[in-house]
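The structure under discussion appears below in the form of structure tokens.
Values in this text are rule-based calculations from the coordinates and carry no lab data. This is a predicted model, so every value here is computed, not measured. Cβ coordinates were reconstructed from backbone atoms using ideal geometry, including for glycine residues, and neighbour counts include every protein chain displayed.
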Amino acid sequence: LAPDGLVLDGERLPRGTMLLLDVFGQNHDPALWEEPYRFDPERFLRAGPHRDELIPQGGGPREGHRCPGEDITVAVLSVLARELARLDFAVPDQDLRIPLNRIPTRPRSGVRLVVGA
């Protein structure tokens, strides 16, 4: 929620205004990134990102910018990954395209697995 006195792009936002940060949109904006959907970590060797371009989630040292849910997510995944690795499963045909017109987004068909396949 916006604190008192927040001005964003010249617009004063009243206290309590809900803000949504579109991390995916920012990190895939063709106005900021050449071929934004191409995996190219070497792009940062040519020129580092300028302020307000890249929004790294979970990147950098522990005392830097981190996701507030990172610790619990890592704990859950450390248990879940071992259990999932033991499963015999198959991934049936499904629509795994991710629509970019809804937030939060997810694959169109969800992700279906057939366990014991």
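Key figures for this structure:
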quantity: Rounded to whole Hz, the Karplus (6.51, -1.76, 1.60) HN-Hα couplings of segment 14-24, x for glycine and proline; calculated: x, 3, x, 4, 7, 10, 10, 9, 8, 4, 4
quantity: Pairwise Cα inverse-distance average, inverted: Kirkwood Rh of the chain (Å); calculated: 18.5 Å
quantity: The chain - percent relative contact order, Cα under 8 Å, separation 6 or more; calculated: 13 percent
quantity: Approximate spin-label separation Ala31-Thr73, in nm, with each point projected 7 Å along Cα-to-Cβ; calculated: 2.7 nm
quantity: Leu6 long-range amide H proximity, modeled H, under 5 Å; calculated: Leu13
